[in-house]
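Pasting a structure below so you can have a look.
Any read-out appearing in this document is the output of simple, stated calculations on the displayed coordinates, not a laboratory observation. This structure is a prediction, so every number in the text was calculated from the model and none was measured.
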Amino acid sequence: MIFIFEERLSESSFVETIWQTQSENAGSFISRAVSHWEIVVTKQDGKMTLTLRGPETQATLAPCPANAEFLGIQFKLAPLCLICLSVAW
C-alpha cells in the first residue's frame with residue numbers, strides 16, 4: 001500500500017504536524033512505533049470516523065479501507081502530557 005502524504009508543520013504549541021492522504025484500494029500497512037499521540041479523521045462512503053492513536057511501543061499491522069480520505073493531527077509530546085495531567089486533577 002502506497003500513500004502520498006501532504007503535510008505541514010503547525011504554529012500551535014500543542015500540534016506538531018497536520019497531514020492528509022487518501023487510499024484507493026483496501027489493504028494494510030505497517031504502523032511504525034512512535035512517541036507522539038495522533039488523531040486521525042477518516043472519511044469513507046459519506047461517513048466520518050475519529051481515531052486516537054499512539055504512542056506505540058512497537059510497529060503494528062494496521063488495516064486501511066478502500067476509497068477513503070484521511071486527515072491526521074500529530075500532537076507534540078510535552079504539551080499533550082500537560083493537558084492530560086491537568087484533566088486528571
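For Met48 and Phe29, compute 0.36 nm times the residue count separating them, minus their Cα-Cα distance, and round to one decimal in nm.
Taking Met48 through Phe29 to full extension adds about 4.8 nm, to one decimal.
Which value, in nm² and rounded to one decimal, describes the direction-averaged projected area of the C-alpha convex hull of the range 1-48?
About 4.5 nm², averaged over all directions.
I've got another one for you. Mind checking the full-extension length gain between His36 and Trp19? Use 0.36 nm per residue of separation minus the Cα-Cα distance, one decimal, nm.
4.7 nm
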